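The values are calculated or read from the model by the stated rules, or taken from the named source; none is laboratory data. This one's a predicted model, so the numbers in the text were calculated from it and none came from an experiment. Cβ placement follows ideal geometry from the backbone for every residue including glycine, while neighbour counts extend to all protein chains displayed. Calculation scope for accessible area: heavy atoms of the full protein, side chains included, ligands and nucleic acids excluded. Shrake-Rupley method; radii C 1.70, N 1.55, O 1.52, S 1.80 Å.
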Amino acid sequence: MLSLLTALTPRSRDRAEAERRASPTSLSRLCKECKRLLGKDLSNEALYSEFKIKFKIYLRGHHRKCDLCTLILQQLSPEAAGYLRERSPEQLDLVASGQQPLSSVNGPLTMSLVCDRGSEENWRVPEIVESLTLNPIQLLWVPQSLGKTDSAIHHRVESLTNSDSNWELSRTWYDRCCRSHKCGSLDSARRNLPTRLIRIDKNPLDGTPRLRLCLTDSLPSSTPYCTLSHCWGKSMIVRLIRLNLDPLQEIIYPEALSKTFRNAIQAATNFGFDYIWIDSLCIIQDDVEDWKREAATMCDVYSGSALNFAATAARDGSYGCFFNRDPRHVRTCRIQVTQIYPDRKMKRVFECMADSHWKVGVEESPLVSRGWVMQERMLAPRTLHFGATQFFWECAEIRACESFPNGLPSIKSKWADPHDESYLLKKIDNPGRLWRSAIAVYSAADLTKAEDKLIALSGVCRMLHNRTGDTYVAGLWRQNLELNLLWETRNGIHGKHKVSGLLRRNISSRPQNYRAPSWSWASHDSPVEWRGPVNWERLLQARVRIMISVLDIESVLSSPDPFGQIKSCTLRIKCGPLLPCRVTVKWTTDPNVNIGHYSVGTTKLTTATCDLDEETPAEGSVIFALVVCSYGAKCEGLLLEGTWPRGHYRRLGHWVHENQREATIDMNEDDFDSVFRETAYRELLLKSMEHHYVRENPAPEYEAFLGHDKDGLAQYVISLV
């Protein structure tokens, strides 16, 4: 009788409900509206390649009984959620659109949710309508059977990330990667251990960790160790300095360490590691020579580690690695949908989850915004991310998380961020593309010390050099260097003021102390990317005519490390005539935005972007356009400004020009040469040679004249600094 009464108590019913929902085979709870929507024949909603459906979310408490409504409301921005609490409307009418209906799909798909702008009920909360118009909610739908095998991982989600089930899941990821993936750390026969490691022993009395700093010169090279990626932040943390070098080799008191460090020690112990490498405790922080020497070994430190722990959600050491969370934010909604075929109907279960959980949990986390972490993620064979809501796994072959423990669905959504290339960074089948993707992400990250811009990537540079044999040149590579000079500042590409024929000034600055030559992306702090021919496939690239060639590279290093900081680097190049370019500047209604035209003769360049605010040329001034490549009706190059000595120039920006008259020509490979003579380059060249234009503008200066090429174009030598 007592056991029966106990079974009927609210607490036991809640526990039974929690166990039911945690089961990998149970379906999620749905409200009447969601059941009606998902139970109908959605194939009737299909229209061409996309479909649209409409359903309602009831807001006054009813959504708590519907897992799908709860999931959708969790994706609202904090501002939109605040409006909901304040206005308390009865319902929201949403429109869902996607590439195909659930009733006909066989693989994962994304669905976009926005407010129905025709609903009178919605306009009681216009702020939410506008918020969802600008930032649609993205849901990921994955057939539950997709990728499920007898060896599929089943995971129980609990309210603490520091749970036994999470450690069991993490060790499963690690064991499978070590056993069956090609992500292994460097061969121990050729691996160099870090100079110092932290030794983790157990106190025989109470089992607590006993820590000390140790030198590795007496350890075998096969000694396994783990590493930690973390944000230093503004909190005070224990650091290795010359004064405590000897005491820390005797003992490191755990209570003196930050919460993040203590949690990392626990993680290492749970995986059975006896050694861990933490930068602030293994590099002498007040010894410049030791710091430079150890920074040059980052390639070996991270690529040689067995596992990298990442305190992804921690802004500083006080946050730690583990968090409380609402399990509903982690579990997928398991929803049954009737699929319609010509000869039958079939019920199929989909797992539904926010499409942004990796982006929000990893890519937009405090840790990933830190510049040094780029190379730590690229070099480490595998990384376990400690997120705010769940654990994430990242290696060369899969990304996974608690929501999708068997691996994230492989899908490219049309709403995906084009700069989210983290998963591709592990791939090295195309080193050039890997590097450009890495720099697009890295250039947007934060560095505490601006002078670390190049050295914070030195480990990755060393890895790529060892694998490809290519020569590193001030943030770029010798192979295809000519086209790789055509990077663009991302503000100029995506800035809301960017229009055809105009210049968008970017908020950036060049460091006071020399860091890199002006032609390198590392010379300033704007996010950059490459969009032109350098990214094209080889067949199409054969139609691109490169108009410059690098003759010589003169580089002066700041240290013996060829991948570290530099004092100067000059490119001596062969090129065609520089085109005088007159600037017309106008102010917009936005006082912070300066817009200008760049013209060669009477022809305005189609697009032109100046790299830096303070270097925008004055109205009426003349700079020079260097043509780097020409392809059909387009040509592309750099904006240059003359400097001392004669024939030396520095980069001011980037430009592209298209000959509108020839832009519609369907160019075949056979008539490439004939079309070239009527392209944008020829148009600009002829304009620059007009008598009145030559008379009114200063002539460019060259180091030397080399004669003419096969097309009769004069060839000169200039230097880029």
Of all the residues that make up the range 71-86, how many are surrounded by fewer than 16 Cβ atoms within 10 Å (Cβ to Cβ) and part of a helix (DSSP H, G or I)?
-> 7
Within the set of pairs 6+ apart or on separate chains, which have a first residue in the range 207-228 that is surrounded by fewer than 17 Cβ atoms within 10 Å (Cβ to Cβ), a second that is assigned to a loop (DSSP other than H, G, I, E, B) and of a type in the set (F, W, Y), and C-beta atoms under 7 Å apart?
-> P224/F273
If you scan the range 613-652, which residues turn out to be at pLDDT 80 or above, more than 18 Å from I548 (Cβ to Cβ) and charged (D, E, K, R)?
-> R646
Does F261 count as under 21 Å from N162 (Cα atoms), of a type in the set (F, W, Y), in the same structural domain as E376 (by the TED database) and in contact (Cβ under 8 Å) with a residue 60 or more places away in the chain?
-> no
Just give me the residues in the range 112-141 being in a strand (DSSP E or B) and open to solvent by 10 Å² or more (accessible area, probe 1.4 Å), in sequence order.
-> V114, Q138
Name every residue in the range 166-183 that is surrounded by fewer than 14 Cβ atoms within 10 Å (Cβ to Cβ) and either in a loop (DSSP other than H, G, I, E, B) or in contact with an Asp or Glu (Cβ under 9 Å, 6 or more places away or on another chain) (or both), in order of residue number.
-> S180, K182
Options T471, T489: the member that is at pLDDT 90 or above, under 27 Å from C629 (Cα atoms) and of a type in the set (S, T, N, Q) | T471
The residue that is farthest from V628 (Cα to Cα), considering only those in the range 541-566 that are hydroxyl-bearing (S, T, Y) and either touching a strand residue (DSSP E or B) at 6+ places or on another chain (Cβ under 7 Å) or part of a strand (DSSP E or B) (or both), is S558
Matching residues in the range 315-329 (touching a strand residue (DSSP E or B) at 6+ places or on another chain (Cβ under 8 Å) and more than 12 Å from S159 (Cβ to Cβ)) number 1
E294 being farther than 26 Å from R433 by Cβ and either open to solvent by less than 10 Å² (accessible area, probe 1.4 Å) or of a type outside the set (G, A, S) (or both) | yes
Counting only residues that are surrounded by 17 or more Cβ atoms within 10 Å (Cβ to Cβ) and at positive phi, how many does the range 439-476 have?
-> 2
Just for the range 398-413: of the residues that are assigned to a loop (DSSP other than H, G, I, E, B) and modelled with pLDDT of 85 or more, which one is surrounded by the most Cβ atoms within 10 Å (Cβ to Cβ)?
-> E402
Residue pairs meeting the criteria (Cβ under 6 Å; at least 6 apart or on separate chains; first closer than 23 Å to R36 by Cα and open to solvent by less than 50 Å² (accessible area, probe 1.4 Å), in the range 321-338; second outside any strand (DSSP E or B) and among the charged types (D, E, K, R)) = C333/D67
May I ask you to list the residues in the range 334-383 that are over 14 Å from R399 (Cβ atoms), in contact with a helix residue (DSSP H, G or I) (Cβ under 8 Å, 6 or more places away or on another chain) and acidic (D, E)?
-> E376
Filter result (under 17 Å from C333 (Cα atoms) and at pLDDT below 70) within the range 63-102 | H63, R64, L102
Those residues of the range 328-359 which are over 30 Å from T389 (Cβ atoms) and either in the same structural domain as L73 (by the TED database) or of a type in the set (D, E, K, R) (or both) amount to D343, R344, K345, K347
Subset of the range 331-387, residues β-branched (V, I, T), touching a Leu at 6+ places or on another chain (Cβ under 7 Å) and closer than 30 Å to H465 by Cβ, comes to V373
Candidate set from the range 682-696 (those that are more than 15 Å from V627 (Cα to Cα) and open to solvent by less than 90 Å² (accessible area, probe 1.4 Å)); member that is modelled with the highest pLDDT | E690
